[in-house]
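The structure under discussion appears below in the form of structure tokens.
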Amino acid sequence: MRLLTQSEGGWRYQLSRGEAQALRSLVKLFPIPANVAVKITKTDPDPQAAEREKLLNKSLAEHREELRRNAQPLISDDRLKIRGDRYVLSLGLDDRETLLQILNDIRVESWRALGQPENLDPLTNPPESERVHHNRMSLAGYFEHMLLNLEETRKAATER
Amino acid sequence: MPPTLEPHTIPRPTIENETRSDEDLAPTYYVVCWNDPVNLMDYVTHVFMKIFGWQRQKAEQHMLEVHEKGKSVLIREGAEKAEFYVYQLQGYKLQATMEPAE
């Protein structure tokens, strides 16, 4: 994956065929069921905190639903176009933010599905049921890293 | 010679009881981000810059504090704003909470 162009309107990235397929498969997984309710506080004994927590979880569910609606267009043929044996992904300013949130949601929910381990290195031969979550985490992390760092790498190269 | 002036006493100023607005009296909260092994460091920095409008350097300082000390107090706000920030941070899947400031 590499950054082709960057402008005020957004970014264009070049992806290999394998990367494009992986990104499409990953985004199609969204949303992975989230079974963990979010806590709003660790120390506040105020009874109002429980009400706030309920509202927070409701708002977050709505936010995920909005992300879900925006997920498929990001990997449609209009945005992820084939160019010879490569693909070009075009993302507007908001698109990239949405894609980052979707990828990180997949990463975090896969981690939760593994039982929130402290050590993220998979065992040498993890059971199949775990391997799938490890793979999703790694892939999502790879794309997040690329989306966030290709810009910086390019800036640094230009400044040299 | 100038005429002698009659001495006079300046009245003592009356000090009213200090008043504070409802806003001053309302409880405030720390918005805290907690460490986890899953969110990437670059991603956390990016989220702080996006949500709080911080420069990269400040965002990285807080990210490193989260990473090294287990948590970082990001901002102190009234209930409503603190709730909003927690919602935004959680929307990005960071582990954030609001804790009473006093």
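Coordinate-derived values only; no laboratory data. In this text, all values refer to a predicted model and were calculated from it rather than measured experimentally. Cβ coordinates were reconstructed from backbone atoms using ideal geometry, including for glycine residues, and neighbour counts include every protein chain displayed.
Under 15 Å between alpha carbons, and skipping anything fewer than 8 positions from B:K58 in its own chain: which aspartates and glutamates qualify?
By straight Cα distance, B:K58 reaches B:D42.
Is there a simple number for the mean count of other chain Cβ atoms within 10 Å of the Cβ of residues in A:136-148, and what is it?
Shielding by partners across A:136-148 averages 2.
Among A:D94, A:D46, rank each residue by its count of other Cβ atoms within 10 Å, from fewest to most, as a rough exposure measure. Let's see the in-between values first.
Numbers: A:D94 10, A:D46 13.
Taking fewest neighbouring Cβ atoms as first place, the list is A:D94, A:D46.
For B:Q95, list long-range residues whose amide hydrogen, built 1.01 Å from N in the peptide plane, is under 5 Å from its own amide hydrogen.
Those qualifying (amide H under 5 Å, at least 5 residues apart or on another chain) are B:W34.
Quick one: 3J(HN,Hα) in Hz for region A:116-121, Karplus 6.51/-1.76/1.60 with θ = phi - 60°, rounded, Gly and Pro as x.
6, x, 6, 9, 8, 5
Neighbour counts of other C-beta atoms within 10 Å: give me A:S16, A:S59 arranged from fewest to most.
Details: A:S16 13, A:S59 16.
If I rank by nearby Cβ atoms, fewest first, I get A:S16, A:S59.
Can you compute the modelled spin-label distance between B:E65 and A:T124, with each label point 7 Å from Cα toward Cβ, in nm?
Roughly 4.3 nm, to one decimal.
Take A:L4, B:L25 and order them by how many other Cβ atoms sit within 10 Å, fewest up front.
Lowest count first: B:L25, A:L4.
Give a residue-ordered list of calculated ³J(HN,Hα) values for region A:48-64 (Karplus: 6.51 cos²θ - 1.76 cosθ + 1.60, θ = phi - 60°; whole Hz; x for Gly, Pro).
After applying 6.51 cos²θ - 1.76 cosθ + 1.60, I find 5, 4, 5, 5, 4, 5, 4, 5, 4, 5, 5, 5, 5, 5, 5, 5, 5 Hz.
Shielding of B:76-82 by partners, i.e. mean partner chain Cβ atoms within 10 Å per residue?
Averaged over the peptide's residues, the number is 1.
Calculate one ³J(HN,Hα) per residue across region B:65-71 by plugging θ = phi - 60° into the Karplus curve 6.51 cos²θ - 1.76 cosθ + 1.60, and present them in order as whole Hz with x for glycine and proline.
Result, rounded to whole Hz: 5, 4, 5, 8, 9, x, 6.
Could you sort out which of A:K39/B:K50; A:K54/B:K71; A:K81/B:K81; A:K42/B:K50 sit more than 32 Å apart by Cα distance in this structure?
A:K81/B:K81
Between rounded, prolate and oblate, where does region A:11-125 land on the alpha carbon gyration tensor, with a ≥ b ≥ c its root eigenvalues, rounded for a/c under 1.5, else prolate if a/b exceeds b/c? If you can, show how the numbers build up before the last one.
Details: a/c = 3.22, a/b = 1.72, b/c = 1.87.
Cα axes put region A:11-125 in the oblate bin.
Across every pair of different alpha-carbon atoms, what Kirkwood hydrodynamic radius in Å does the protein assembly as shown reach? Please list the in-between numbers first.
Working: mean 1/r = 0.0471 Å⁻¹.
For the protein assembly as shown, the Kirkwood estimate is 21.2 Å.
What is the mean number of Cβ atoms from other protein chains located within 10 Å of the Cβ atom of each residue in peptide B:26-33, rounded to a whole number?
Mean shielding by partner chains, rounded to a whole number: 1.
Report the extension gain between A:L55 and A:Q21 in nm, rounded to one decimal, defined as 0.36 nm multiplied by the number of residues separating them, less their alpha carbon distance.
Going from the current span to full extension adds 8.5 nm.
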